[in-house]
1. Residue by residue, what Karplus-based ³J(HN,Hα) values in Hz, rounded to whole numbers, does the range 160-169 have, using 6.51, -1.76 and 1.60 with θ = phi - 60° and x for Gly and Pro?
2. Return the lysines within reach of residue 217: Cα separation strictly under 17 angstrom, same-chain partners fewer than 8 residues apart disregarded; answer none if there are no such residues.
3. What is the packing order of peptides 140-146, 204-210, 194-200, 278-284, taking the mean over residues of other C-beta atoms within 10 Å and listing the highest first?
4. Where is the GNM fluctuation largest for the chain (alpha-carbon springs, 10 angstrom cutoff): 101, 82, 42?
5. May I ask you to compute the full-extension gain from residue 265 to residue 188, defined as 0.36 nm times their residue separation minus their alpha-carbon distance, rounded to one decimal in nm?
6. Percent relative contact order of the range 167-296, based on C-alpha pairs within less than 8 angstrom and at least six residues apart?
7. Note the per residue figure in Å³ for the convex hull of the C-alpha positions in the range 41-176.
8. With the chain treated as a Gaussian network of Cα nodes joined by springs under 10 Å, which of 248, 85, 201 yields the largest mean-square fluctuation?
Amino acid sequence: MHRTEQPEWLHAIARLTIASVALLGAKTARAADVTLGIIGPHEYDLPVDFTPFNVLVQYGDGNAAGNSYNSLGQRTPAGGSHTWSGLTKYVHFRSFDAIPHVGFAFELIQAESYSLANGTNYGGLGPTIVGPAAWFKPNSHSTLGIQTFMQTPVGTRDATSPNYWSNISSLIFDYEWKYFSFDGDAGTVVGSTKHIKGQHSYSPGVIFYTNLRFSWKATPLVEPFLALDWQNVNGTYDRTARQYLNDSNSREVALGTGIMFNISKHLSFTTRYSHSVDGRNIPESNAYYVKFVYLW
């Protein structure tokens with residue numbers, strides 16, 4: 001292995017890690033969070049040709065909204081949600097002499113969730129997510145790669161279990177200027193058929209999503225940023241009845257602003273607020289996010 005000698009990549013690594021998200025809320029079928037909406041600036045500002053290292057990340061987000069969007073895209077004062085969720089993630093980064101100038105990572109992620117809305121009051125562990133990522137650098141200022149993850153069908157209780165396997169895959173990119181940074185992803189989520197004994201079988205709709213982050217490197221410590229998250233979910237198909245469920249398709253666009261604190265080359269903390277600006281068949285997002293990264 002050959003370790004990159006540029007001190008700035010160690011600083012950058014403390015600010016980032018490949019992102020994933022649990023598709024929680026099997027009972028409600030539609031969650032307010034856009035897939036991978038948890039990511040922050042420099043999420044994909046990744047090195048190549050480095051010695052192996054590890055990252056521990058804790059993501060958290062809460063959504064407190066009393067409104068939702070109906071099938072016509074109108075905002076209505078009903079059907080909102082009050083939820084908290086988290087992702088605890090361990091990532092192992094490494095490169096190989098036999099495959100120069102390409103970086104790899106393997107992730108193990110555990111989801112947590114809690115819901116309080118419409119008479120519900122429950123929480124627990126959600127499904128587990130595992131998978132790899134790989135990337136290269138077209139030039140010294142940019143990164144381009146792919147990530148793919150499998151999500152298990154069960155959590156610690158039925159309300160936090162999707163009850164079907166799913167794959168989360170996306171293209172990832174990053175570009176760095178002297179005072180600005182732009183990165184993000186674009187991908188899909190594809191699920192297997194949902195089978196529960198004594199109930200109809202369902203094929204979940206394919207999800208398309210993108211997450212974009214544009215930041216200003218105001219100081220070495222503080223980095224404000226803007227966020228855009230978009231998601232479109234195709235309708236759920238009832239394989240037993242051979243028809244799509246009414247109003248099971250959804251769409252959401254959310255805009256947000258936040259700030260990243262680059263505490264040291266091994267620690268960073270990010271916080272953000274986001275709100276829906278457009279939607280259909282989904283609770284609105286009135287959400288806050290936090291992210292803590294530790295590298296060793």
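1. For the range 160-169, the Karplus-derived couplings read 10, 10, x, 6, 7, 6, 8, 10, 10, 10 Hz, x marking Gly and Pro.
2. Answer for residue 217, where 17 Å is the Cα cut-off: 178, 265, listed by chain and number.
3. Working: 140-146: 15.7, 204-210: 19.1, 194-200: 11.0, 278-284: 21.7.
Top to bottom by mean Cβ count within 10 Å: 278-284, 204-210, 140-146, 194-200.
4. Its mean-square fluctuation being the largest, the pick is 101.
5. Working: separation 77, 0.36 × 77 = 27.72 nm, distance 3.24 nm.
Full extension of this stretch gives 24.5 nm more.
6. For the range 167-296, the relative contact order is 17 percent.
7. On the way: hull volume 19.6 nm³, N = 136.
It comes to 144 Å³ per residue, whole-number rounded.
8. In the Gaussian network model the winner is 201.
Just so you know, all these numbers are worked out from the coordinates, no wet-lab data involved. Everything numeric here is computed off the predicted structure, so don't read it as measured data. Positions of Cβ are backbone-derived with ideal geometry, glycine not excepted, and every protein chain shown enters the neighbour counts.
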